[in-house]
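The values are calculated or read from the model by the stated rules, or taken from the named source; none is laboratory data. Note that the coordinates shown come from a computational prediction; the quantities given were computed from them, not determined experimentally. We place every Cβ from the backbone using ideal geometry, glycine too, and count neighbours over all the protein chains shown. Protein only, heavy atoms only, side chains kept; ligands, DNA and RNA dropped before computing areas. Shrake-Rupley method; radii C 1.70, N 1.55, O 1.52, S 1.80 Å.
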Amino acid sequence: MKKKRRTIKNQILIDYVQIIFGAFLGALAYPMFLVPNNIAPGGVTGAATIINYLWGFPVGITSLLLNAPLFIIGYRSMGKRFVFRTLFATVCFSLMIDFLKIPPTTEDELLASVFGGGLLGFGLAFILRGNATTGGTDLIARMVHNRFPIISIGIFLLIIDFVVVFAAGVTMGMKQALYAMVTVFVCSKALDAVLAGIGTNKVCYIISKRQDAIRQRILNDMERGVTLFDAKGGYSGEAISMLLCVVNRLEIIALKEIVRSEDQKAFVFVTDAHETLGEGFHALNEDNL
């Protein structure tokens, strides 16, 4: 029981460390890249960036003030722990945007949109790994989805981002709106890379009449595990077996050579594995969740 409590406390600590680190990374994107180049990357902070452009109000504090009524509206529809963590993340993120006195890194708007989006995406990903988000729009999106399930959270957030980017185009110019779109795109890709993992391992599917020989060589020569699936040919209707094997990118050549030497008529297709956990790869533990 004590061990379980200690594990829970350690996980909570890890979550908050990730939230703070993510808030720091994400906040850096604004003074270094986005605000100096008038790039509004959607959401509440994007709206705050537009307000900063028009009237000079600080982005972080403005974002915090805009989030306040959204939290009040969405609080009751979400769990208290999630809302508290999101509030903590939002406060950290917003204050860091204003109080991190980092000089602009570049005046090139394209570079700013790419690197600002990447840095922001990495930061948001760590915040999400800490079971939090950075703004009230997520709470509203979840509340709308709960009431109208046909409207997905992703679609609702996309609509919000589109409205903010459109507003940026009206106030800052169409060129800034286009750079904002680049930022949103890069941000989403960076976020996915952290949450899902970057595909460095390969998943290999092998269909061959000599699957026993291929399986033995993979097990013995490469010391990799193999999974055997029963399948059926769509054209012939014959029962066949399919091998599934996950290898790293340096081993894929050796695997294809084994298949080629055993059966040149084999059917092989290879896909990326975004994240591989378990024996022979990264351990499956709380750090991977």
Alpha-carbon centroids, region 3-73 and region 88-119: separation in whole Å: 10
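Give me the percent of accessible area attributable to carbon and sulfur for the chain, probe 1.4 angstrom. Don't skip to the answer; put the middle values down first.
Details: 10660 of 16590 Å².
Carbon and sulfur: 64 percent of the exposed surface of the chain.
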Percentage, to the nearest whole number, of Cα pairs in the chain over 29 Å apart: 49
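Keeping every protein chain in place, order 16, 235, 53 by accessible area at 1.4 Å, biggest value first, i.e. largest first. Working shown, then result.
Working: 16 50, 235 220, 53 95 Å².
From most exposed to least exposed: 235, 53, 16.
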Nonlocal amide H pairs with residue 240, under 5 Å, H built at 1.01 Å: 231, 232, 233
Exposed-site-free run, longest, the chain (rule: GluC sites (Glu not before Pro); DSSP loop; at most 13 other C-beta within 10 Å): 108-222
Antiparallel DSSP beta bridges within the chain, percent to nearest 5: 95
Cα-only Debye scattering, region 49-119: base-10 log of I(q)/I(0) at q = 0.11, 0.23, 0.26 Å⁻¹: -0.37, -1.10, -1.19
For region 1-77: rounded, prolate or oblate by the Cα gyration tensor [a/c cutoff 1.5]: oblate
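Starting from the Cα gyration tensor of region 108-233, take the square roots of the eigenvalues, sort them a ≥ b ≥ c, and report rounded, prolate or oblate (rounded when a/c is under 1.5, otherwise prolate if a/b is larger than b/c, else oblate).
Working: a/c = 2.92, a/b = 2.11, b/c = 1.38.
Note, shape of region 108-233 comes out prolate.
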Structure-based [θ]222 nm, the chain - -39500 (n - 2.57) summed over DSSP H runs of at least 4, per residue, nearest 500: -20000 deg cm²/dmol
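With the cut-off at 1.5 for a/c, could you classify region 103-181 from its C-alpha gyration tensor as rounded, prolate or oblate?
Note, shape of region 103-181 comes out oblate.
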Helix 2-29 vs. the chain, principal-axis angle (Cα, 0 to 90°, nearest 10): 60
5 Å-binned pair-distance histogram of region 1-139 (Cα, whole percent): 2, 11, 19, 22, 19, 12, 7, 4, 2, 1, 1, 0
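Any idea of the accessible area per residue across the chain, 1.4 Å probe, to the nearest Å²?
For the chain, the per-residue accessible area is 57 Å².
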Summed residue charge, Cβ within 15 Å of residue 231's Cβ, Lys/Arg positive, Asp/Glu negative: +1
Most mobile listed residue (112, 239, 47) in the chain, GNM with C-alpha springs under 10 Å: 239
Region 16-105: trypsin sites (Lys or Arg not before Pro) in DSSP loop, at most 15 other beta carbons within 10 Å: 101
Only Lys, Arg (+1) and Asp, Glu (-1) charged, at Cβ; the chain dipole about Cα centre in debye: 1060
Given charges at Cβ of Lys, Arg, Asp, Glu: region 63-181 dipole, positive-most of 130, 96, 173: 130
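Taking 10 °C and 1.306 mPa s as the conditions, I'd like the Stokes-Einstein D for region 168-270 in µm²/s, using the Kirkwood hydrodynamic radius from alpha carbon pairs. Write down the numbers at each step before the final one.
On the way: Rh = 16.7 Å.
After rounding, the answer is 95 µm²/s.
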